[in-house]
Amino acid sequence: MKHKIYTEHLGTFKSYIIGFILSLLLTFSAYFLVTEKWLHSQTTALILAALALTQALIQLVFFLHLGQERTPYWNLQTFLFMLGVLFIIVLGTLWIMHNLDYQMM
Amino acid sequence: MGTASHAGTGQETYERTVFGFWVYLMTDCILFATLFATYVVLQNNLNGGPSGKELFHLPFALSETLILLVSSFTSGLAVMAAQNLKKVPTLTWLGATFLLGLAFIILEVTEFTHLVQEGNSWQRSAFLSSFFTLVGTHGAHITSGLLWILVMLFQIAFRGINIASLRRVACLGLFWHFLDVIWIFIFTIVYLMGAL
Amino acid sequence: MFGKLTLDALKHGPIESGVSYSVGIVAIIVITLLFYFKGWEGLWKGWITTLDPKRIGRMYLIVSLLMLFKGVVDAGMIRAQLAFSVGESHGYLESNHFQQIFTAHGTSMIFFVGMGVVFGLLNIIVPLQIGARDVAFPFLNSLSFWLFSVGAILVNLSLMVGNFSGAGWLPYPPLSELQYSPDVGIDYWIWSVQIAGIGSLLSGVNFFVTILKMRAPGMTLMRMPLFTWSALNAMVLVIFAFPILTVALALLSLDRTLGMHFFTTDGGGNPMLFVNLIWAWGHPEVYILILPFFGVFSEVVSTFSEKRLFGYTSMVWALAAITFLSFLVWLHHFFTMGAGANVNAFFGVMTMLIAVPTGVKVFNWLFTMYGGRIHFKTPMLWFLAFIFIFGTGGMTGVLMAIPPADYQVHNSLFLIAHFHSMVIGGVLFGFFAAYSYWFPKVFGFTLNEKIGRYAFWCWFMGFILAIMPLYVLGMMGATRRLDHYDASTGWQPLYIVAAVGIIFIVLGVILQNIQLLASIAERRRNRDYTGDPWNGRTLEWATSSPPKFYNFAFVPEVHGRDAFWSMKQAEKAGGEHEHHYEAIHMPKRSGMGFYIGMWVFLLGFGLIWHIWWLVALTFLGMLIFTIIRLSDDEPEQLIPASKIKRIDLTKRHVHNGHS
């Protein structure tokens, strides 16, 4: 190669290690929360969701380097828009199907 | 802001391709979101059959999770090595990712086979249809990734790291990390929440 | 050995057999002519393996226009049936066949005409408008076209081998499940749409990246032409909606092929889930179809009013608002499926909201005309018809957004009249405006205005006669997809009026064909030498007609909106400056898009007929060819500066030959 390509999100070894260790911790926390039955199942479910979202965020930042690009941050913008559509579709589907279930079953 | 629009400079092609691949991953997120929504809607339609609580082995799922997590880590190291133009470390970390990914698939196929042999196939109930489809689609993506890693191993072994293989490894890295993020939600929603 | 395929699949009624034989004869004639004129090499090198979006776009349009012809014939058959199928008479079509006809009509029109003309136009115009030489991923572009064509081929193949679906353009379960539709019709539908849908998704990514990353220097987002803005918004919709379609179709095919229970009536399945998912895609889909044509009208109105577009910023925001809102309204397609009042109310309100930004656009177009110097060329005529038809049709949409009102007219001809107003008045008339507007750019000569006007009036009158009675019929209780009715309903006179409307439309189509032939005959007289026959405002008019294969020898520098208009003003003031020609990278031709497409065609055929060895073989073939193509390190060629200079200085492009 004649010249180095400026690759926007050059991850550092440190970022991968941090991401890996944090993900490990979050995974084990979630696992033992369920197997050891420390809390009620409803509370557990909420905490599991929070742990999953946190770990996803960790991996998005430390592995996928989200938000570390130059302006105009196209990756981040498309990701956020996708997230918006995702919530609309998933929550919308759950609301609609639950409502139909209630009305019709 | 626009860039000069003639095709050709490695930098521009790299940026365009990696961004385009990111956008494709966004579409894949919607695909999985739809499968997740379907799973949540149908997960209690057991048709008199077993539920997740009865079927899933959490330690097994944990092993799969840890294997995939380590593989995501090694894939990151592979991308870094490629960006530093280091051929042997790149091949090493790609190879490690492959082996871990293969282990993951073997475990998953084992789980699926076991379920089918006990009569709990995708035909048993809507719940099982959605389970096999959601987890199976993820597995199909991982399998494609394994094939991709093999192709990259060959390309880099014979052609070295050039602009094209660097671009492809970058996309592969994104793909592999993304699959681990999806797996976080499968592990949580299907296995962990299923056991509550 | 051949799965479900037997010789019985080739047995058909007189109409289908007639069509199959005609298609066969035409194919033989075309192949013979190709041999006679030694055209194979030109066809292969110039068209099948091209990665030039201007050519790929034209191929999309050719396929779309063929499917439009088929769709109009289907419509004619439906109207002919209903004009006479009253009381004792049951018309000339069997119910089974009638169902396949209205299914094929809708499927062809939405997927293969609508999406085809959208991507056709985007291919031809977007790179030119943003001052680029190509799209972001030229090979992917070719692959998308071939996947689209494979979908169209499969739909047409069902006419000759087996049968098509009779479950409507969106096949709801339980009807579309194996229990009630055991034959291959639904599978033909699933795979043709799924394959074409993947093509669309890939194009969505392609044009999204193209518009964001390949604009000419100085062209900020707020300096882009409205057509490009509308394309960007449509691509956002494609990117985030098509994966839902992919899943919905996959789940239905898994039910049918692997015995799964997503939407079955037994095993815990939920048919309503299909309706929910398919419309979560389906609503954004209709906006994907219309937004580019809103963009077309913005260009047409400002050009033919000799005035810059009124309210550019609000037009951009209106597009964004429509795009966002279109993800929030999908339940209005199934108000009557049984959801409660609060769910229906939410979606009803959101649906009414989406009319607001659309209204903003309509007023801005009209304000653009006000005070302008208006030229009533055919594109403007199509625009004015659009305002009337889309406006009234849109209002019926707002009416149906109110759930209790919708309960009265859901699935009646009132609904049919509404969406035909939107699709014909908006998408089709928008396409005809685009066709007459950009024809000189693509082919180098203008179309015959007079015949164009006659064609327009036939289409407009035909539409009014064909569709307006349907509003009344719907209010009188006539439901959709009906193939027979009682004389006591009093519906027949209106159905007859509708049939007359189709005759006018067919006349319009004939006139458009005559227009094309006449224009070709007179092309030397109507040659466009300037590249700018309408005194246009945007960059596509800064190229020759037709443009050279590389679009721009010198990448334009943009300093404001209506970039070309400013360039022309600057030229009047200052004159041109010397340019130094540079070498240009362009993609090499590639047959891989075509080859992979052919593997996918056979794969689709195998999946439809359950020929599993064929499925395995073709899947492998597709995979291997994909890997080969994606491992190609040298897909580009360098065109030397001397060659660019030579081509650029050619005064007139007599034919479209290039390397």
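The table that follows gives values for the structure above.
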| quantity | calculated |
| --- | --- |
| Yes/no for residue C:223 being open to solvent by 10 Å² or more (accessible area, probe 1.4 Å), out of contact with any Cys (no Cβ under 7 Å at 6 or more places or on another chain) and within 10 Å of chain B (Cβ to nearest Cβ) | yes |
| Residues (in contact (Cβ under 8 Å) with a residue 24 or more places away in the chain and surrounded by fewer than 14 Cβ atoms within 10 Å (Cβ to Cβ)) located in segment C:482-519 | C:486, C:487 |
| Residue within segment C:546-569 that is in contact with a His (Cβ under 9 Å, 6 or more places away or on another chain), within 21 Å of residue C:306 (Cα to Cα) and among the aliphatic types (A, V, I, L, M) present | yes |
| Some residue of segment C:630-642 being open to solvent by less than 50 Å² (accessible area, probe 1.4 Å), in a helix (DSSP H, G or I) and closer than 19 Å to residue C:145 by Cα | no |
| Condition broken by residue C:366, with the remaining ones in (1) surrounded by fewer than 16 Cβ atoms within 10 Å (Cβ to Cβ); (2) within 28 Å of residue A:104 (Cβ to Cβ); (3) free of Cβ contacts under 8 Å to residues at least 24 places away in the same chain satisfied | (2) |
| Enumerated helices (runs of 4 or more DSSP H) restricted to segment B:1-120, each holding at least 3 residues that are hydroxyl-bearing (Ser, Thr, Tyr), surrounded by 20 or more Cβ atoms within 10 Å (Cβ to Cβ) and more than 10 Å from chain C (Cβ to nearest Cβ) | B:58-83 |
| Any hit, segment C:309-328, residues being closer than 30 Å to residue C:441 by Cβ, open to solvent by less than 10 Å² (accessible area, probe 1.4 Å) and within 10 Å of another protein chain (Cβ to nearest Cβ) | yes |
| Residue under evaluation residue C:93, criteria (1) surrounded by 24 or more Cβ atoms within 10 Å (Cβ to Cβ); (2) not in a helix (DSSP H, G or I), criterion not met | (1) |
| Residues being closer than 17 Å to residue A:91 by Cα, open to solvent by less than 10 Å² (accessible area, probe 1.4 Å) and within 25 Å of the chain's Cα centre (by Cα) - total across segment C:331-363 | 1 |
| Within segment C:226-263, tally of residues that are outside any helix (DSSP H, G or I) and either touching a Pro at 6+ places or on another chain (Cβ under 7 Å) or not assigned by TED's automatic domain parsing to the domain that holds residue C:130 (or both) | 1 |
| Cβ-Cβ under 6 Å pairs, at least 6 apart or on other chains, segment C:559-571 side among the polar types (S, T, N, Q), far side open to solvent by less than 40 Å² (accessible area, probe 1.4 Å) | C:566/C:560 |
| Looking only at segment C:543-585, and only at residues there that are outside any loop (DSSP other than H, G, I, E, B) and within 14 Å of chain B (Cβ to nearest Cβ), the one that is nearest to residue C:226 (Cα to Cα) | C:563 |
| Close pairs from segment B:128-140: first over 12 Å from residue B:39 (Cα atoms), partner among the β-branched types (Val, Ile, Thr) and open to solvent by less than 10 Å² (accessible area, probe 1.4 Å), Cβ under 8 Å, at least 6 apart | B:138/B:186 |
| Lone unmet requirement of (1) within 30 Å of residue C:177 (Cα to Cα); (2) surrounded by 20 or more Cβ atoms within 10 Å (Cβ to Cβ); (3) under 22 Å from the mean Cα position of the chain (by Cα) for residue C:275 | (3) |
| Some residue of segment C:329-343 being away from chain A (no Cβ under 14 Å), more than 17 Å from residue C:427 (Cα to Cα) and outside any loop (DSSP other than H, G, I, E, B) | no |
| Members of segment A:48-103 that are open to solvent by less than 60 Å² (accessible area, probe 1.4 Å), under 24 Å from residue B:186 (Cβ atoms) and more than 9 Å from chain B (Cβ to nearest Cβ) | A:50, A:58, A:61, A:65, A:66, A:84, A:88, A:96 |
| Yes/no for residue C:265 being at the interface with chain B (Cβ under 8 Å from one of its Cβ atoms) and either open to solvent by 10 Å² or more (accessible area, probe 1.4 Å) or of a type in the set (A, V, I, L, M, F, W, C) (or both) | no |
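Residues checked against (1) within 13 Å of chain B (Cβ to nearest Cβ); (2) farther than 15 Å from residue C:231 by Cβ:
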residue	(1), (2)
C:145	no, yes
C:153	no, yes
C:178	yes, yes
C:181	no, yes
C:187	no, yes
C:203	yes, no
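Let's see how each residue does on (1) assigned to a helix (DSSP H, G or I); (2) within 12 Å of the chain's Cα centre (by Cα); (3) within 11 Å of chain C (Cβ to nearest Cβ):
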| site | (1), (2), (3) |
| --- | --- |
| B:129 | yes, no, yes |
| B:133 | yes, no, yes |
| B:137 | yes, yes, yes |
| B:142 | yes, yes, no |
| B:145 | yes, yes, no |
| B:152 | yes, no, yes |
| B:164 | yes, no, yes |
| B:174 | yes, yes, no |
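The values are calculated or read from the model by the stated rules, or taken from the named source; none is laboratory data. Just so it is clear, the model here is predicted, and its values are computed rather than measured. All Cβ positions, even for glycine, are placed from backbone atoms using ideal geometry, and neighbour counts span all protein chains on display. Surface areas here come from the heavy atoms of the whole protein model, side chains and all, with no ligands, DNA or RNA. Shrake-Rupley method; radii C 1.70, N 1.55, O 1.52, S 1.80 Å.
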